[in-house]
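Inspection log for the structure reproduced underneath, given as structure tokens.
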Amino acid sequence: MLNQTLETKTVESYEEVAAVVELPIKHSEPAVASDAEDIVKVVNLSKQFDGIEVLRDINLTIKKGEVVSILGSSGSGKSTLLRCMNWLEQPERGTIHLGDERIGINPQTDKPLKYRDLAKMRERIGMVFQGFNLWPHLTVLKNVMEALLHVKKMSKAEAEDIAKVQLEKVGMSHKLDSYPSMLSGGQKQRVAIARALAMEPEVLLFDEPTSALDPELVDEVLLVMQKLSKEGYTMVVVTHEMEFARNVSSQVVFLEKGILIEKNPPEKFFTDPDSPRVRQFLKLD
């Protein structure tokens, strides 16, 4: 149904996509148990580039199963915060924990992890980039299999089975033998999501996953992300898609010049935010 819908129908709105596959778009914030365990904990995180502070004393706790949308103007530090969570950027100060494990740091030596250990840690954190980052010389199926074969050291048969399951989940099982150059931007991003899911991460990070897409292709990616939220995936999403943030998030975070100035459930964030800057951003005044 998902494959057919996204290949044969030009969608006009997020609501229309959701209605076609019988997913309600208007709903209360996702149900995350109050006693759910903390899966990501960011404490006093600061980051500089060339002596300029781009993140300042960020504190953020994310519970298992939450969808946290990170909003803010361009240059506010949103993507840098996300990249620090996967140690693609190393902060000058502060800590990030994934469960009980400190990200990027060896607990015995208090020094950065060696490459092999860092790669092992990153298996627990999936990341989807705005530029897709697919291998151009590999088919859709082989793009998703690649990390399973070379990082998880699975057999070809096992990796293929897992890749096919995840590609089916994102509505791309009909494109197994296609190359990235044969796909639309929305299809490429869905393959990138399948690749991240195949590693069975504990947390999924999305860095502006729709910003490189033509407007008519945005909804198919947002639909897949909404489906993942309903399946209980923990997701951290840097986005400019206000509708997605409002309807799918458990919490919405706002960064301003590297400072976290607001974190609230979407209903409060979008109707009665605490920060005057957020009110200005949302044009509520």
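Every number in this text was worked out from the coordinates using simple rules, so none of it is lab data. Quantities reported herein were computed from a predicted structural model and do not represent experimental measurements. Glycine gets a Cβ as well: all are built from the backbone with ideal geometry, and neighbour counts include every protein chain shown.
Sparsely packed loop sites in the stretch 255-285 (the trypsin sites (Lys or Arg not before Pro) outside DSSP H, G, I, E and B with at most 11 other Cβ atoms within 10 Å) comprise K283. Annotation for the stretch 112-168 versus the stretch 183-242: alpha-carbon center distance of 16 Å. Along the axis of the charge dipole computed for the stretch 56-131 (Cβ charges of +1 for Lys and Arg, -1 for Asp and Glu, origin at the Cα centre), the listed residues G94, V68, V128 are led at the positive end by V128. For the stretch 134-200, the relative contact order is 46 percent, taking Cα pairs closer than 8 Å that sit 6 or more residues apart in sequence and dividing their mean separation by the residue count.
Using alpha-carbon pairs under 8 Å, 6+ residues apart, how would you state the relative contact order of the chain in percent? All intermediate terms of the calculation are to be shown ahead of the outcome.
Values: 499 pairs, mean separation 73.3, N = 285.
With pairs under 8 Å counted, the relative contact order is 26 percent.
K188 sits among other residues whose Cβ lies under 13 Å from its own Cβ, and their net charge, with Lys and Arg +1 and Asp and Glu -1, is +1.
Given the DSSP H assignment, sum -39500 (n - 2.57) over each helix run of at least 4 residues in the chain and divide by its residue total; what's the result at 222 nm in deg cm²/dmol, nearest 500? Provide the component values of the computation, followed by the final result.
Details: 11 runs with 101 residues, N = 285.
So the helix-based figure for the chain works out to -10000 deg cm²/dmol.
Return the ratio Rg/(2.2 N^0.38 Å) for the chain, where Rg is computed over Cα atoms only. Don't jump to the answer; show the numbers that get you there.
Values: Rg = 18.8 Å, N = 285, 2.2 N^0.38 = 18.8 Å.
Here the Cα radius of gyration is 1.00 times the empirical estimate.
Place a label point 7 angstrom from the Cα of K257 along the Cα-to-Cβ direction, then list the residues of the stretch 268-284 whose backbone nitrogen is under 18 Å away. Those under the cut-off are 275-282. In order along the stretch 40-51, the phi-based Karplus estimate (6.51 cos²θ - 1.76 cosθ + 1.60, θ = phi - 60°) of 3J(HN,Hα) comes to 10, 9, 9, 10, 6, 7, 9, 9, 10, 10, 6, x Hz; Gly and Pro are listed as x. Kirkwood analysis of the stretch 150-189, using all unique Cα-Cα pairs, places the hydrodynamic radius at 11.2 Å. About its Cα centre, the dipole of the chain is roughly 820 debye, where the only charges are +1 on Lys and Arg Cβ and -1 on Asp and Glu Cβ.
Between Y115, Y233, Y179, find the one with the highest GNM mean-square fluctuation for the chain; connect C-alpha pairs within less than 10 Å. Per the Cα network of the chain with a 10 Å cutoff, Y115 tops the list. For the stretch 226-285, the dipole from Cβ point charges (+1 on Lys and Arg, -1 on Asp and Glu) about the Cα centre works out to 80 debye, to the nearest 20. Remark on V128: its backbone amide H falls under 5 Å from those of L205, F206, D207, a criterion applied only to residues 5 or more positions apart or on other chains, H modelled at 1.01 Å from N. Rank G185, L141, V170 by how far each Cα sits towards the positive end of the charge dipole of the stretch 134-200 (+1 on Lys, Arg Cβ; -1 on Asp, Glu Cβ) and give me just the farthest. About the Cα centre, the residue reaching furthest to the positive side is G185. Projecting the alpha carbon convex hull of the stretch 134-200 along each direction and taking the average yields 3.8 nm². Across the stretch 241-251, rounded Karplus estimates of 3J(HN,Hα) from the backbone phi angles (6.51 cos²θ - 1.76 cosθ + 1.60, θ = phi - 60°) give 7, 5, 5, 4, 4, 6, 9, 10, 6, 8, 9 Hz, Gly and Pro being marked x.
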